[in-house]
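Structure first, then comments.
The values are calculated or read from the model by the stated rules, or taken from the named source; none is laboratory data. Remember, it's a predicted structure, so these values are computed and weren't measured experimentally. Glycine also receives a Cβ, built like all others from the backbone with ideal geometry; neighbour counts cover every protein chain displayed. Side chains included, ligands, DNA and RNA excluded: accessible areas come from the protein's heavy atoms. Shrake-Rupley method; radii C 1.70, N 1.55, O 1.52, S 1.80 Å.
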Amino acid sequence: MHYKTILLICAALLFVGCSDSKPKHHYDGQALLEQKCASCHNLDMPPQTFPDEKAPPMMAVTFHVRDFMKVENPSEKRQRFIDFVVDYALDPSADKSFCDKKSLEDYGLMPSQKGKVTPEELEAIAAYMYDHYDPEKFMKLMQEQARLAALPPYKRVMEQKNCLSCHSIDKEKLAPSFKHIAERYGSDRSGEIMESIKNGSRGKWKNFKLSMPPFKDLGDEEIKAVTEWILTLGEKE
C-alpha cells in the first residue's frame, strides 16, 4: 500500500476515535457548593454562626478535616481530602467522622447525599473547599479586616467603596471634589449629603452627568462619619 494512503487511513481512524470520545464535563465547585450545601452550612470566611444552625460552618468543617487527616506525604493531602468528602457525603458514619463527640451530639450525623449530588459534583465541591478555605488565605483576610477596623470610620468607607475613583479631595474628576461639596452645602445642609450617599443622586451638579450610586449597605454612623469629614474640607483656615 502506498505510504501516503497509509497516512490518510491512520489520520481518518484517529479523527473517528476522537469524535467518539465525549469531552470531560467541567464542574464549577463554587457554584455547586452554594447550590448543594448552603441550606445547611454557612459558607462565609470567616464564618457566621447561629443558635439554630443545622450544620457547622463550611470553613470549620474544612479546617477540622485538614487538621485531623494525617498523611505521610503532604502532596497527597488534597486528594485524600477530596476522597474523604466524596465518601463521607454519600455514606456518612460516626466512625468515619473527624468531628468530636460533642459536635456530633449537637449537629447530629450528616444525612447521606445519595441522589442529591453525584460523585463527580462532590469531587468539584471538595476541591473548591480545600483550595478556598485555606488557612493562609484566612490569616491574610483576618489581617486585612484588622487593618480596616483600625482606620477612622470615614477612611474605611472611602477605601472599601473606592470613593476616590470618582471624587478627589480638591480637584474635579468624574464627580465634584469633596471640597467643592463641602463649600456648596456646609454644615447646615449636611442632611442632603447624607441623603445622596445613602440613596444616590442625579442632576444635582450641572457639569457632571455621572449618577451617584446609592450605598444602602452603609450604616447611619458610617454615612455620618463620611459627611462630617467632607464638611471639614470646607472649613476656613
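Among the residues of region 218-230, those identified as under 15 Å from Glu159 (Cβ atoms) and either part of a loop (DSSP other than H, G, I, E, B) or within 29 Å of the chain's Cα centre (by Cα) (or both) are Leu218, Glu222, Ala225, Val226. When every residue of region 54-75 is checked against the conditions, at least one turns out to be at pLDDT 90 or above, within 24 Å of Asp100 (Cβ to Cβ), open to solvent by less than 40 Å² (accessible area, probe 1.4 Å) and of a type in the set (D, E, K, R). Scanning region 193-222 for residues that are touching a residue at least 40 places away in the same chain (Cβ under 8 Å) and within 20 Å of Leu151 (Cβ to Cβ) yields Phe215, Leu218, Glu221, Glu222. Taking region 76-120 as the range and being of a type outside the set (S, T, N, Q), over 21 Å from Tyr133 (Cα atoms), without any contact (Cβ under 8 Å) to a residue 24 or more places away in the chain and open to solvent by less than 40 Å² (accessible area, probe 1.4 Å) as the test, the residues that pass are Pro92, Gly108. Among the residues of region 105-117, the one identified as modelled with pLDDT of 95 or more and either more than 18 Å from Ser39 (Cβ to Cβ) or in contact with a Lys or Arg (Cβ under 6 Å, 6 or more places away or on another chain) (or both) is Val117.
Beta carbons closer than 6 Å, at least 6 apart along the sequence or on distinct chains, pair a first residue in region 148-170 that is touching a residue at least 60 places away in the same chain (Cβ under 8 Å) with a second that is open to solvent by less than 60 Å² (accessible area, probe 1.4 Å) and outside any helix (DSSP H, G or I) for Asp170/Ser177.
Of the residues making up region 54-75, those that are in contact (Cβ under 8 Å) with a residue 40 or more places away in the chain and not hydrophobic (A, V, I, L, M, F, W, C) are Lys54, Pro56, Thr62, Arg66.
I'm checking my understanding of the structure. Among residues of region 1-49 that are assigned to a loop (DSSP other than H, G, I, E, B) and more than 27 Å from Ala124 (Cβ to Cβ), which one is modelled with the highest pLDDT? Walk me through it before giving the result.
First, pick out the residues of region 1-49 that are assigned to a loop (DSSP other than H, G, I, E, B): 1-2, 21-28, 37-49.
Narrowing further to those that are more than 27 Å from Ala124 (Cβ to Cβ): 1-2.
Working: Met1: 51, His2: 59.
The residue in question is His2.
Residue count for region 151-160, restricted to those that are open to solvent by less than 60 Å² (accessible area, probe 1.4 Å) and either among the small types (Gly, Ala, Ser) or within 18 Å of the chain's Cα centre (by Cα) (or both): 0. Considering Leu148, Leu164, the condition of being open to solvent by 80 Å² or more (accessible area, probe 1.4 Å) and either in contact with a helix residue (DSSP H, G or I) (Cβ under 8 Å, 6 or more places away or on another chain) or among the β-branched types (Val, Ile, Thr) (or both) is satisfied by Leu164 alone.
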